[in-house]
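Just below is one structure, and these are the notes that go with it.
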Ligand code: B12
Ligand code: SF4
């Protein structure tokens, strides 16, 4: 009989539900080593806690994947429940949060071990040790508890993506995700790391800065097979910076056009790399299905971009990227960060102007906004103490750490409220196209359209007092709520999450 490894994936509090790529990555080497893999994702599993406990009975261990923020709530809940029923079954945590804050995560009483960094090989080694009744001693990349002490093994060297096995997409229940999200989609990676080092980004902490990628032919083969096999409408290529190698991107586009497979795909890339392409090349990418490029514009202020260590991106390239992508028929999507250390009302207004100018000139463009949130592992976090930032002292404390709500020592009280209101006006002023299909009642749609005009006026003039339009919007949302997802899963937040 095969031995089973049980995975739990806590909800992302996002309607953008699809199979967790990290777990699909970990599943392949386990299956190749002869283990059975079972995944319980709370987003698509009613009574997920009961399911975990029942599946754990004949599993070797419980493995959980998480990032910093709300996923910690369900992680802590499930780990506690598992340890209460099966105190001898190891609870193993991996992913961005355990990797960037190993000591504190392992100190959680319900966690037995963690993996720092890539988990493909580390987890197979761990499971073999569990089966043999051995401790995790000596397994690179692993930290564990022994006699109540925290033991940290040597780090595991990063593997380039070319040496990693393909993801186990056959384990994904795409039908269930489609019922939650309204769209049939998957994530895919074609490269690892990013050559840049923005001050707020955690990327270097886990993947270093040595960008490495799959060859174009392999990407074309895998993607064609993936979308055809599972009937996907959309593929989100979650590479941190897809366009680092210009020739590779063009070769991928040519390959996909030759295959004639029809689907939309979106990528993440920095604006300076987008603008190295010609409009003709971008049109080729569009013909290959590329429908959106997500870019970290981050600020409309040169001063703040400098503080963010983003001198590689000039303000002009943000405009140029919007222009070139629009000409090619690809949606330019931008992320913005408010409240970065050093930002005052002046720089905030520069950011609003940038957003307004671009959205007016290029109606296809969209902006997603966040409040600066200092993540462990990011270069700016080294200055946290200097900046007066208080970080949570326990694993569970990080559950509320979330860029939608972050309150900072220099952005709190009335000022914080003003920025949040401004962000809300931005959400109603211009259209955005989330991955998850957001069904709206016709009345709420009409209300949203009507209030977009006064919202633009407010943003233009920096007037956010007496927010009657937002009051009206909330009333309409309450009176005419969107239809419930067709599955009894997690209650998902109405604000779409994007990074
Ligand atoms: C896709 C994605 C999302 C999607 C997720 C969709 C989904 N259905 O899963 C969405 C849009 C919802 C999202 C949201 C957010 N995200 Co996001 N996201 C990503 C992204 C681009 C890819 C993640 C991924 O799947 N990678 C591919 C897999 C294969 O790699 P991996 O996750 O690193 O997994 C490997 C290892 O970590 C390890 N591992 C992982 N899990 C486990 C578990 C075990 C047991 C073991 C042993 C090992 C292990 O092994 C894996 C294989 O090597 C990453 C960036 C990145 N490069 O990874 C950011 C990233 C994870 N997101 C990030 C952030 C900040 C956010 C948001 C806060 C953004 C926001 N402004 O709201 C929200 C948070 C949502 C929430 N509620 O908590 C940060 C996280 C930083 C941190 N400290 O945790 C990242 C790293 C981006 C960045 N560079 O800053 N995100
Ligand atoms: S924010 Fe984007 S461009 Fe900057 S280092 Fe991170 S992945 Fe690279």
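At pLDDT 95 or above and either buried (at least 20 other Cβ atoms within 10 Å of the Cβ) or closer than 24 Å to residue 239 by Cα (or both): which single residue out of 11, 19, 33 fits that description?
19
Please work out which one of (1) assigned to a helix (DSSP H, G or I); (2) within 12 Å of ligand 1 (Cβ to nearest atom); (3) within 27 Å of the chain's Cα centre (by Cα) is the condition residue 80 fails and give its number.
It is condition (2) that residue 80 fails.
When residues of the range 216-252 are filtered for being touching a strand residue (DSSP E or B) at 6+ places or on another chain (Cβ under 7 Å) and away from ligand 1 (no atom under 16 Å from the Cβ), how many remain?
3
Just name the residue that is surrounded by the fewest Cβ atoms within 10 Å (Cβ to Cβ) out of those in the range 179-203 that are in a helix (DSSP H, G or I) and within 18 Å of the chain's Cα centre (by Cα).
203
Going through the range 275-310 one residue at a time, which ones are within 22 Å of the chain's Cα centre (by Cα) and surrounded by 23 or more Cβ atoms within 10 Å (Cβ to Cβ)?
290, 293, 295, 296, 297, 298, 299, 308, 310
Filter the range 13-40 for residues that are more than 9 Å from ligand 1 (Cβ to nearest atom) and on the phi > 0 side of the Ramachandran plot and give the result.
Answer for the range 13-40, where residues must be more than 9 Å from ligand 1 (Cβ to nearest atom) and on the phi > 0 side of the Ramachandran plot: just 34.
Out of (1) more than 18 Å from residue 166 (Cα to Cα); (2) buried (at least 21 other Cβ atoms within 10 Å of the Cβ), the odd one out for residue 227 is which?
Tallying (1) more than 18 Å from residue 166 (Cα to Cα); (2) buried (at least 21 other Cβ atoms within 10 Å of the Cβ), residue 227 fails exactly one: (1).
What number of residues within the range 38-52 are in a loop (DSSP other than H, G, I, E, B) and under 19 Å from the mean Cα position of the chain (by Cα)?
Qualifying residue count for the region: 3.
Would you check if residue 263 is away from ligand 2 (no atom under 16 Å from the Cβ) and closer than 28 Å to residue 165 by Cβ?
Yes; evaluated as a whole, the condition is true for this residue.
Taking the condition more than 16 Å from ligand 1 (Cβ to nearest atom), in a helix (DSSP H, G or I) and either in the same structural domain as residue 184 (by TED's automatic domain parsing) or touching a residue at least 60 places away in the same chain (Cβ under 8 Å) (or both), does residue 276 pass?
The answer is no for residue 276.
Which one of the conditions (1) more than 13 Å from ligand 1 (Cβ to nearest atom); (2) touching a residue at least 40 places away in the same chain (Cβ under 8 Å); (3) within 24 Å of the chain's Cα centre (by Cα) does residue 56 fail to meet, given that it meets all the rest?
(3)
Among 316, 347, which is at negative phi, part of a helix (DSSP H, G or I) and out of contact with any helix residue (DSSP H, G or I) (no Cβ under 8 Å at 6 or more places or on another chain)?
316
Among the numbered conditions (1) away from ligand 1 (no atom under 13 Å from the Cβ); (2) in contact (Cβ under 8 Å) with a residue 40 or more places away in the chain, tell me where residue 133 comes up short.
Going through the list (1) away from ligand 1 (no atom under 13 Å from the Cβ); (2) in contact (Cβ under 8 Å) with a residue 40 or more places away in the chain, residue 133 breaks only (2).
On the basis of being without any contact (Cβ under 8 Å) to a residue 24 or more places away in the chain and assigned to a helix (DSSP H, G or I), does residue 217 make the cut?
Spelling it out, it is not the case that residue 217 is without any contact (Cβ under 8 Å) to a residue 24 or more places away in the chain and assigned to a helix (DSSP H, G or I).
Between a residue in the range 93-106 that is on the phi > 0 side of the Ramachandran plot and any residue that is crowded, with 24+ Cβ neighbours inside 10 Å, which pairs come within a Cβ distance under 7 Å, given they are 6 or more apart or on different chains?
Going by the 7 Å Cβ cut-off, the qualifying pairs are 95/65; 95/66.
Output yes when any residue across the range 369-384 is in the same structural domain as residue 263 (by TED's automatic domain parsing), assigned to a loop (DSSP other than H, G, I, E, B) and touching a strand residue (DSSP E or B) at 6+ places or on another chain (Cβ under 7 Å), and no when none is.
Taking every residue of the range 369-384 in turn, at least one turns out to be in the same structural domain as residue 263 (by TED's automatic domain parsing), assigned to a loop (DSSP other than H, G, I, E, B) and touching a strand residue (DSSP E or B) at 6+ places or on another chain (Cβ under 7 Å).
Residues in the range 163-174: is at least one without any contact (Cβ under 8 Å) to a residue 24 or more places away in the chain and within 18 Å of residue 94 (Cβ to Cβ)?
Within the range 163-174 (the criterion being without any contact (Cβ under 8 Å) to a residue 24 or more places away in the chain and within 18 Å of residue 94 (Cβ to Cβ)), the answer is no, since none of the residues qualifies.
Out of the residues in the range 397-411 meeting the condition of being exposed (fewer than 15 other Cβ atoms within 10 Å of the Cβ) and not in a loop (DSSP other than H, G, I, E, B), tell me which one is nearest to the chain's Cα centre (by Cα).
400
Assuming residue 124 fulfils every condition listed in (1) touching a strand residue (DSSP E or B) at 6+ places or on another chain (Cβ under 9 Å); (2) in contact (Cβ under 8 Å) with a residue 60 or more places away in the chain; (3) not in a loop (DSSP other than H, G, I, E, B) apart from one, which condition is it?
With (1) touching a strand residue (DSSP E or B) at 6+ places or on another chain (Cβ under 9 Å); (2) in contact (Cβ under 8 Å) with a residue 60 or more places away in the chain; (3) not in a loop (DSSP other than H, G, I, E, B) applied to residue 124, the lone miss is (1).
Restricting the search to the range 163-178, which residues are surrounded by fewer than 19 Cβ atoms within 10 Å (Cβ to Cβ) and either within 9 Å of ligand 1 (Cβ to nearest atom) or within 19 Å of residue 211 (Cα to Cα) (or both)?
The answer is 163, 164, 165, 166.
Please give the number of the condition residue 353 fails out of (1) closer than 15 Å to residue 304 by Cα; (2) within 16 Å of ligand 1 (Cβ to nearest atom).
Going through the list (1) closer than 15 Å to residue 304 by Cα; (2) within 16 Å of ligand 1 (Cβ to nearest atom), residue 353 breaks only (2).
The values are calculated or read from the model by the stated rules, or taken from the named source; none is laboratory data. Predicted model, so just to flag it, every value in this text is computed and none were measured. Ideal geometry is used to build each Cβ from the backbone, glycine not excepted, and the neighbour counts take in all protein chains shown.
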